[in-house]
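Trainee: Sharing a structure with you now.
The values are calculated or read from the model by the stated rules, or taken from the named source; none is laboratory data. Keep in mind it's a predicted model, so treat the numbers as computed, not measured. Neighbour counts run over all protein chains shown; Cβ positions are idealised from the backbone, glycine included. To get the accessible areas, we keep the full protein, side chains included, count just its heavy atoms, and leave off ligands, DNA and RNA. Shrake-Rupley method; radii C 1.70, N 1.55, O 1.52, S 1.80 Å.
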Amino acid sequence: MRIIGLTGGIATGKSTVSNLFKANGFPVVDADVIARDVLKKGTGGWRKVVAAFGDDILLENGEVDRPKLGQIVFTDPSKRQLLNRLLSSYISYGILWEVFKLWIKGYKIIILDVPLLFEAKMDTWTNPTIVVYIDPETQLQRLMTRDRTSTQDAQNRINAQMPLDEKRSRADIVIDNNGSLEDLNENFRKVLNQVTKPLTWTEFWLSRQGAIVAIVSIFSGVFGCKKLLARL
């Protein structure tokens, strides 16, 4: 099984690339979706976050006010680190569970879409790792336009993440998204050819099909040995 790590920065176009993978029939495990689930009212993650940040972050229906919580953690590194510590185990478990379900279904290639792929050291699970990259000026402008936010607020959110240049230096594959959507589609096609090459033997044995072949081979070997011993 091949687990491909997909990451980038805010407003770089990572979600667009993730959707391109989905459109081409690849299953995507989205860490943002899992993070939303672990913060739903009544969950373990919800209880820990409310205990740490207080009832002021809740809406009237008891759900977490995500924009308000986001504003708090994006402007205070210590609170951002606290939130990550509180939720990291829940999110990691959720990701592993989703990957396992896809493994059971027999998928050979899975896309792991994780904004904090390097920060959470989840890149150790993935090969290759893809980073969607744009230059800092373009990132700032796109974020301000997308969220209709001020320069300072947008910069605070960008600064809260690992610098894109560092992510790019740690990537196996870089998708440049400084151009148009057509340019991105063309770059994606090139990457698609790279990541869909045949599985290595190691990747095959880690797939469900490989596991089945291994189990059948073991049972066949054991059965063959018993028959041989019976003849002696």
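Trainee: Tell me, which residue of the stretch 1-57 that is within 22 Å of W125 (Cα to Cα) and of a type in the set (S, T, Y) is most open to solvent (accessible area, probe 1.4 Å)?
Mentor: The extreme case among them is S15.
Trainee: Considering only residues that are within 17 Å of T75 (Cβ to Cβ) and in a loop (DSSP other than H, G, I, E, B), look in the stretch 127-155 and name the one that is modelled with the lowest pLDDT.
Mentor: Here the answer is T149.
Trainee: What residue, among those in the stretch 156-180 that are in a helix (DSSP H, G or I) and free of Cβ contacts under 8 Å to residues at least 60 places away in the same chain, is surrounded by the most Cβ atoms within 10 Å (Cβ to Cβ)? If you could, list the steps in order and put the result at the bottom.
Mentor: To start, the set of residues in the stretch 156-180 that are in a helix (DSSP H, G or I) comprises 156-159, 164-170.
Okay, now just the ones that are also free of Cβ contacts under 8 Å to residues at least 60 places away in the same chain, so 159, 165-166, 168-170.
On the way: N159: 11, D165: 10, E166: 12, R168: 15, S169: 10, R170: 13.
Of everything passing the filter in the stretch 156-180, R168 is surrounded by the most Cβ atoms within 10 Å (Cβ to Cβ).
Trainee: State all residues of the stretch 124-139 that are open to solvent by less than 10 Å² (accessible area, probe 1.4 Å) and hydrophobic (A, V, I, L, M, F, W, C); if no residue qualifies, say none.
Mentor: I130, V131, V132, I134
Trainee: Of the numbered conditions (1) within 23 Å of M162 (Cα to Cα); (2) part of a helix (DSSP H, G or I); (3) at pLDDT 95 or above; (4) not hydroxyl-bearing (S, T, Y), V29 fails exactly one; give the number of that condition.
Mentor: (2)
Trainee: Here's another thing I want to ask about it. Scan the stretch 100-119 for residues that are surrounded by fewer than 18 Cβ atoms within 10 Å (Cβ to Cβ) and under 17 Å from A35 (Cβ atoms) and jot them down.
Mentor: Answer for the stretch 100-119, where residues must be surrounded by fewer than 18 Cβ atoms within 10 Å (Cβ to Cβ) and under 17 Å from A35 (Cβ atoms): L116, E119.
Trainee: For L192, state whether it is open to solvent by 80 Å² or more (accessible area, probe 1.4 Å) and either under 21 Å from I109 (Cβ atoms) or modelled with pLDDT under 95 (or both). Spell out the reasoning first.
Mentor: Details: open to solvent by 80 Å² or more (accessible area, probe 1.4 Å): no; either under 21 Å from I109 (Cβ atoms) or modelled with pLDDT under 95 (or both): yes.
Answer is no for this residue.
Trainee: Another one. Check off (1) within 24 Å of D147 (Cβ to Cβ); (2) in contact with a Gly (Cβ under 9 Å, 6 or more places away or on another chain) for M1 and give me the number that stays unchecked.
Mentor: Among (1) within 24 Å of D147 (Cβ to Cβ); (2) in contact with a Gly (Cβ under 9 Å, 6 or more places away or on another chain), M1 violates only (1).
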